């Protein structure tokens, strides 16, 4: 098995909300956009307009933002993408990452083998990975 350091010396991280399309379409209006979302886990349980997004590296909180601060909210992202392409059920849209990624530090704080990355989004749970 190859390690992260065999692939790159600049392995970065990004915590971001992913939206899964359940009902396809093209030319989707902002007002109808969320009806096309299958889920984050499920669309009925999550309000994508106010979710806390956090990322810790080795216990150090590096990213902390709220989806209300996205430059473009989920509905606008769906509207914009579907203006140019047809979205299909199962398509996944990543909303973007908050400030605090490794490249943004001086000097950069890239991931190294042995680091533990933990990402948490309100209502969706926690994902934890060890870097090997």
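The values are calculated or read from the model by the stated rules, or taken from the named source; none is laboratory data. Every value quoted in this text rests on a predicted model; they were computed, and no experiment measured them. Quick reminder, even Gly has a Cβ in these numbers, built from the backbone with ideal geometry, and neighbours come from all protein chains shown.
Before moving on, here are some points about what is shown:
- The lone exception for residue 2 - which of (1) more than 16 Å from residue 121 (Cβ to Cβ); (2) at pLDDT 95 or above; (3) exposed (fewer than 12 other Cβ atoms within 10 Å of the Cβ) it fails: (2)
- Matching strands (runs of 3 or more DSSP E) fully within the range 42-132 where at least 2 residues are in contact with a strand residue (DSSP E or B) (Cβ under 9 Å, 6 or more places away or on another chain), surrounded by 16 or more Cβ atoms within 10 Å (Cβ to Cβ) and at pLDDT 95 or above: 52-57, 60-66, 116-121
- Conditions (1) on the phi > 0 side of the Ramachandran plot; (2) touching a helix residue (DSSP H, G or I) at 6+ places or on another chain (Cβ under 6 Å); number of the one not met by residue 30: (1)
- Some residue of the range 29-40 being in contact with a strand residue (DSSP E or B) (Cβ under 8 Å, 6 or more places away or on another chain), touching a residue at least 60 places away in the same chain (Cβ under 8 Å) and closer than 17 Å to residue 121 by Cβ: yes
- Restricting attention to the range 19-41, the residues being loosely packed, with under 15 Cβ neighbours inside 10 Å and in a loop (DSSP other than H, G, I, E, B) number 6.
- Scanning the range 28-76 for residues that are under 29 Å from residue 112 (Cβ atoms) and more than 15 Å from the chain's Cα centre (by Cα) turns up 57, 58, 59, 60, 61.
- Members of the range 110-127 that are within 18 Å of residue 65 (Cα to Cα) and out of contact with any helix residue (DSSP H, G or I) (no Cβ under 7 Å at 6 or more places or on another chain): 117, 118, 119, 120, 121, 122, 124, 125, 126, 127
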